[in-house]
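**Q** Sharing a structure with you now.
Values in this text are rule-based calculations from the coordinates and carry no lab data. Being a predicted model, the structure only gives us computed values, none of them experimental. Please note: Cβ atoms are built from the backbone with ideal geometry, for glycine as well, and neighbour counts cover all protein chains shown.
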Amino acid sequence: MRRAFTIMELLVSSVLIVMITLFLYNAIASMTLSNRTLAKHDDAEHNRSKIFDLLYRDLQESLHVKVEPTEDKHFAIVKLQTRNSLHEIAMPYVVYLIHTQNNALTRLEAAKEIVLPISYEDRFSVHADRLLEGVSDFNLYTATQEQNITAESNTTADANLSITNSVLLFLKVKNWSSPMLFELAL
């Protein structure tokens, strides 16, 4: 009966311990990398959701929407008056535009109607919020549909029942996998 391990047994057990340690280290490194990637995608989706919610509330609570084309067909300037405010202004005027230097979607908010370019006197009364950088396409399409129904009575006349305004928002960003596209009936 022997009482000690042989050198060969000690070497084999040492090699097995080193191999198990390497496998565990690789597994932990892979898990850390996947956690970082998941956190990055989660942050991007959270920002996308916040921007969608802001655009949705501004458009849903708007009194009127005006879309002005720019020289670049991929971008439009959207002007509206809404009940939604980021800066605690009652019934603010809001302008969405793309800043040309870094293609950043910018939201301007003021108590009075915003005229572009902003004058020197008005520069302190307009709040600017940079929402998103790297925008490659930002357009808002509006449509008005009238529904006419013929009244079924002795006299035939067209009765205008309702007017539905709908908007289609298209927002494409370079690092997003798919563009944001939604339709909203105002």
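**Q** For the chain, set up a Gaussian network in which alpha carbons nearer than 10 Å are linked by springs, and say which option among LEU54, LEU11, LEU169 fluctuates the most.
**A** Of LEU54, LEU11, LEU169, the Gaussian network model singles out LEU11 as fluctuating most.
**Q** Separate question: Please give the length that would be gained between LEU186 and ALA128 if that part of the chain were fully extended, namely 0.36 nm times their separation in residues minus their C-alpha to C-alpha distance (nm, one decimal).
**A** Once the chain is fully extended between LEU186 and ALA128, it gains 18.4 nm.
**Q** Taking R0 as 30 Å, what FRET efficiency do you get between TYR141 and ASN47 from their Cβ-Cβ distance, rounded to the nearest 0.05?
**A** According to the calculation, E is roughly 0.80.
**Q** Using only the Cα atoms of segment 49-134, what semi-axes does the equivalent ellipsoid have when each is the square root of 5 times a gyration tensor eigenvalue? Give whole Å, largest first.
**A** 18, 16, 13
**Q** At 0.36 nm per residue, and after removing the present C-alpha to C-alpha distance, how many nm does the segment from ILE7 to LEU33 gain when stretched out fully?
**A** 5.5 nm
**Q** Gain in length, SER178 to LYS112, computed as 0.36 nm per residue apart minus the alpha-carbon separation, to one decimal in nm?
**A** 20.2 nm
**Q** Can you figure out the FRET efficiency of ILE89 with TYR120, using R₀ = 22 Å and their beta-carbon distance, to the nearest 0.05?
**A** 0.60
**Q** Report the residue, chosen from SER13, SER62, SER34, that carries the largest GNM mean-square fluctuation when the chain is represented by alpha-carbon nodes joined by springs under 10 Å.
**A** SER13
**Q** Shifting gears a bit: Rounded to two decimals, what ratio of Rg to Rh does the chain give with C-alpha atoms and a Kirkwood Rh?
**A** 1.38
**Q** If you don't mind, another one. Return the long-range amide H neighbours of VAL173 (sequence gap of 5 or more, or a different chain), with a cut-off of under 5 Å between placed amide H atoms.
**A** Amide H to amide H, under 5 Å and 5 or more residues apart or across chains, VAL173 pairs with SER136, MET180.
**Q** Then there's this: Could you go through segment 107-117 in sequence order and give the Karplus-derived ³J(HN,Hα) for each residue, using 6.51 cos²θ - 1.76 cosθ + 1.60 with θ = phi - 60°, rounded to whole Hz, and x for Gly and Pro?
**A** 10, 9, 9, 8, 6, 10, 4, 8, 10, 9, x
**Q** On to the next question. Give, to the nearest whole percent, the P(r) tail of segment 25-90 beyond 17 angstrom, counting all Cα pairs.
**A** Here the tail beyond 17 Å accounts for 63 percent of pairs.
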